[in-house]
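Since the structure comes first, as structure tokens, the remarks are kept for the end.
The values are calculated or read from the model by the stated rules, or taken from the named source; none is laboratory data. These numbers were taken from a predicted model, which means no experiment stands behind them. Quick reminder, even Gly has a Cβ in these numbers, built from the backbone with ideal geometry, and neighbours come from all protein chains shown.
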């Protein structure tokens, strides 16, 4: 079995060297870019299994580089690493297409745990190619969503949120469960981020269709179904 190939985009040379060494010791193949332009060049010429991306990097910042990646690849997991740890910063990162967000300083064990989660998820998705409900179809192999023949463009975070709903369609999901699956167990369950993203998702997959698929049961949580329960 081949090693997972990870790109680290980090302009702090010492930190980048430490990350490369620790990730290689954990069994991964690693390539390091020290600015956004170099990161973009590596992405154009290599197929990575995961990207660890700092935000405050020279030439092309992490937010913009993340957006560029998502224009051509909706599948590769992107973990943003930064000292900017406010909810607003995280929302900007998720909107740019990041899958996860880890704040400096951090324990390498935490980063490794998150990397392992994403790589295991990618392996598991190989056997599950599609999810369907009503006239909506999610194709995991090429990361597309189609409803009534219309392609729906989702950000990486919106796609993951919809994936959680479809994997548990017909089941009432608590806010805590959804946050743990989409944003990580250390994300503040009191934040309104889930309401914001559920609203984003509804506007894209429900607004122009008679059958609504994403529902709220006030005080309990959310669920995906062709009818209200």
(message) Quick check on region 131-151: of everything there that is within 18 Å of the chain's Cα centre (by Cα) and either surrounded by fewer than 18 Cβ atoms within 10 Å (Cβ to Cβ) or touching a residue at least 60 places away in the same chain (Cβ under 8 Å) (or both), which residue is nearest to residue 210 (Cα to Cα)?
(response) 145
(message) For region 60-71, which positions are assigned to a helix (DSSP H, G or I) and either in contact (Cβ under 8 Å) with a residue 12 or more places away in the chain or more than 17 Å from residue 41 (Cβ to Cβ) (or both)?
(response) 62, 63, 64, 65, 66, 67, 68, 69, 70
(request) May I ask you to list the residues in region 43-52 that are surrounded by 13 or more Cβ atoms within 10 Å (Cβ to Cβ) and at pLDDT below 90? (result) 43, 48, 49
(message) Quick check on region 84-97. Is at least one of its residues out of contact with any helix residue (DSSP H, G or I) (no Cβ under 9 Å at 6 or more places or on another chain) and farther than 28 Å from residue 205 by Cβ?
(response) yes
(message) Within region 1-10, take every residue that is crowded, with 19+ Cβ neighbours inside 10 Å and over 15 Å from residue 104 (Cβ atoms) and give me the one that is modelled with the lowest pLDDT.
(response) 4
(message) Between 97, 127, which is buried (at least 18 other Cβ atoms within 10 Å of the Cβ), modelled with pLDDT under 85 and within 21 Å of residue 48 (Cα to Cα)?
(response) 97
(request) Looking only at region 11-26, decide whether some residue is crowded, with 18+ Cβ neighbours inside 10 Å, under 20 Å from residue 104 (Cβ atoms) and in contact with a helix residue (DSSP H, G or I) (Cβ under 7 Å, 6 or more places away or on another chain). (result) no
